[in-house]
Structures are given as structure tokens and as C-alpha cells.
Amino acid sequence: MATVSLKLPQIKHSPRSTAHLTYFTKPIVSFSSSRPHSVVAPLRCSSPAPSVTVTSKENSEDEEDDEDPLAEVCYYDPDADSSGAMEWELDFCSRPILDIRGKKVWELVVCDASLSLQFTKYFPNNVINSITLKDAILSIADSLDLPLPQKIRFFRSQMQTIITKACNELEIKPVPSKRCLSLQLWLEERYETVYMKHPGFQKGSKPLLALDNPFLMNLPDNLFGEKWAFVQLPFTAVKEEISPSEKKKRYSFGATLDLDLLGIEIEDSTLVPGIAVSSSRALPLAAWMNGLEVSSMEVDAKLACVILSAGVSSRYKYAKYKKSPATTKEAEAWEAAKKACGGLHFLAIQESLDSDNCLGFWLLLDLPPPPV
């Protein structure tokens, strides 16, 4: 069973080798319907994919008393290097909590990818603007004796105007991105340990700013490859490929995940599914892809295509295939393998699908949105 569980630190209040890549069945040519000869035997799923447990807190008999739902957090790990907190993850949104006026309470939640930085603060709904947010960002840096970050990632498109304006006034680069995994898992953890225990909690309350699921768009011309294939890589090889020394040595573009922090528990022999793309212009293709903030990929069996999600609200028809019983089975097997890995998958860009090297590697995680 694959599990994903956020390993939350204790909060104190106050070119790359791809020799291990194997194909599900056959590489697909020209992002269209034609397919060349078979490369390896097809993947066969003889039993249903194991169930996946996605949680956002560690179960421990040694846990301290439950958190005070009214308390706010302002913490930075004293053992962490302050230079590591130059990229923040931020959410500024209403919560399923009513104040004494019967109005929804808003909350600012800020962290970094390692969760060395943790900050929360409640706000009434009548002060929600870019000035409030800008002052809060300054307050975080001042209270924790940190420099202002270079980038702030956020995953709600509805808050883009306020967040962008506040960041621009502070000369911080705002980055709309769903690659805020530490933040999203922390919000899920807070929903259970904080919001549900708040005296103003409203059970069944829907998020005021629900995450949108935009219409599919056509892929920009500069992001097309020439061939692509469903592939798989042993989990042990995935861990090797994203190690800092290997990343620096083997490939120029891409993004990794902190598997230890996310608590991803997968058997070393498990095959992690991915999409391999080849192009004669692989280097510029990887560079262009690097600016997209790619978050996940999925198969739409009805449309017979792979969908790429990027930023906060972009979903592209990334690659198509000719629909048939065989290709549908292959696509479903790929999705089943992704589910068996708790949503873990990857995108690799190469000069050739037969090459031992690639120029871009993105480790991706497909997670459900947080409940707030």
C-alpha cells in the first residue's frame, strides 16, 4: 500500500541517465495516432491496484496535547538555514469558521517547502486586501528575523490579483502554482486538528474559493514533442535520480519532491509510472516546460489523450493516441499504477526515446485538493 503523509515538524508557538526506464507498451509518435513497432512486452496488471491512503498527519502515541484551535503559529526552525526560506508557499482564504458576527473567518497560512517556516494568522472578512497581505508578509519576515523571499507560490487563482499586487509592491515574484504540496497537505492536517475543533466550525461548509477545474486548452506549439510513450521507473531509481548530486550532474531542467517530508512510503521495487517525450530540440523544449510550473499529468480515456496541469488553472491536451481497446487498456494501466504509487509519477524529456540521457525530469504528485 502506498501512503502519503505529511511529516510535520513540531510547531513551537511563540543530462540524466534513463537506463532504468521501461515502456508500458509502445512509444507514440508525433503526439498523434500513429505508433511504431513494439519495444517491450506490455505491462500486465493481474490484480487490482492496492488501495491508497492519503493523510496529512503522523499517528503517534507520543503526540502532545491537541492544538489550541484559537492559537496562531509563528515559527521558524532555529536549526534551519535562513537562506533556505527564500521561496514561500502562501494561502489567503476563508475557512469553515464563523466569527461572532456570523461572518466567515479568513486565514493567512505561510510555509516553505521544508516546513521550517510555519505561520498562521486569522483575519476578519472586512480587511481582505493587498495592503493587509503586504503588511502581514513584512510582519512575518520581521518577527522571525528572515529576509523577504524571492518567490511566493500560491494555488488559488481567485486570489491572484491580491497576492500579485502585494508581492509586486515588495519586489517579490508571485508564482501561481499547484506545486505547493507542503502547504496543501498542511492545510489538510489543520482541517482535522484545528478547524474542526474551532468553536465556530461549520460542518459541511463549502470553500468560499473552490479550486477551479478549467476547460482543456490546446498545447502551445513550442511545447510539442515528436514522440512520447507511457514508461515506468523503479522507485529506487526515482530516488537516485532526484538526489541532489545526480540532479546537478545529469539534467538541466525539472523539479523534484521531498519524498521524506511528504512521507511517501512505496516499496522500493514498485514501478513508478511516467511519460517520456522525445524531441530533436529537447533542450529548448525542456527549458520552455521548466517555466510552466507543471504539477501533474493524467489520462482522459474518453478523449484518448494525456492532460498536463500547470500553474494554478491551466490544463493542456498534452498528447493524443488512437483510441482502441489496446490503447485504452494501456492508459488505464498507467493510471492504476499512478494510483498504486499514491499519485506519484514523472515527466522526462529526451532527445530520443532510445537514449540513455534526458534533459528534463519532473517528479509529480497528483493529490486531491485540500478540504478548505
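The values are calculated or read from the model by the stated rules, or taken from the named source; none is laboratory data. From a predicted model like this one, the values you see are computed outputs, not experimental measurements. Cβ sites come from the backbone with ideal geometry, for glycine too, and all protein chains shown count toward neighbours.
Key figures for this structure:
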{"item": "Residue selected from the stretch 76-106 under the condition in a strand (DSSP E or B) and aliphatic (A, V, I, L, M), by the criterion nearest to Leu187 (Cα to Cα)", "result": "Leu90"}
{"item": "Candidates Leu146, Leu183 - the one that is in a loop (DSSP other than H, G, I, E, B), buried (at least 17 other Cβ atoms within 10 Å of the Cβ) and among the hydrophobic types (A, V, I, L, M, F, W, C)", "result": "Leu146"}
{"item": "Selection count, the stretch 343-357, where residues are surrounded by fewer than 24 Cβ atoms within 10 Å (Cβ to Cβ) and either closer than 21 Å to Pro234 by Cβ or in contact with a Lys or Arg (Cβ under 7 Å, 6 or more places away or on another chain) (or both)", "result": "5"}
{"item": "Residues of the stretch 87-119 that turn out to be under 20 Å from the mean Cα position of the chain (by Cα), surrounded by fewer than 19 Cβ atoms within 10 Å (Cβ to Cβ) and not polar (S, T, N, Q), as a count", "result": "1"}
{"item": "Residue that is farthest from Asn125 (Cα to Cα), among those in the stretch 164-180 that are out of contact with any Ser or Thr (no Cβ under 8 Å at 6 or more places or on another chain) and assigned to a helix (DSSP H, G or I)", "result": "Asn168"}
{"item": "Near pairs, Cβ below 8 angstrom, 6+ apart or cross-chain, from the stretch 261-279 (assigned by TED's automatic domain parsing to the domain that holds Gly342) to any residue that is basic (Lys, Arg) and in a loop (DSSP other than H, G, I, E, B)", "result": "Leu261/Lys7; Leu262/Lys7; Gly263/Lys7"}
{"item": "Any hit, the stretch 258-278, residues being among the hydroxyl-bearing types (Ser, Thr, Tyr), surrounded by 21 or more Cβ atoms within 10 Å (Cβ to Cβ) and within 30 Å of Arg156 (Cβ to Cβ)", "result": "no"}
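The rows are residues; the columns are (1) in the same structural domain as Ala310 (by TED's automatic domain parsing); (2) of a type in the set (S, T, N, Q); (3) under 23 Å from the mean Cα position of the chain (by Cα); (4) more than 27 Å from Ala348 (Cα to Cα).
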{"residue": "Phe155", "(1), (2), (3), (4)": "no, no, yes, no"}
{"residue": "Thr161", "(1), (2), (3), (4)": "no, yes, yes, yes"}
{"residue": "Ser177", "(1), (2), (3), (4)": "no, yes, yes, no"}
{"residue": "Glu188", "(1), (2), (3), (4)": "no, no, yes, yes"}
{"residue": "Pro220", "(1), (2), (3), (4)": "yes, no, yes, no"}
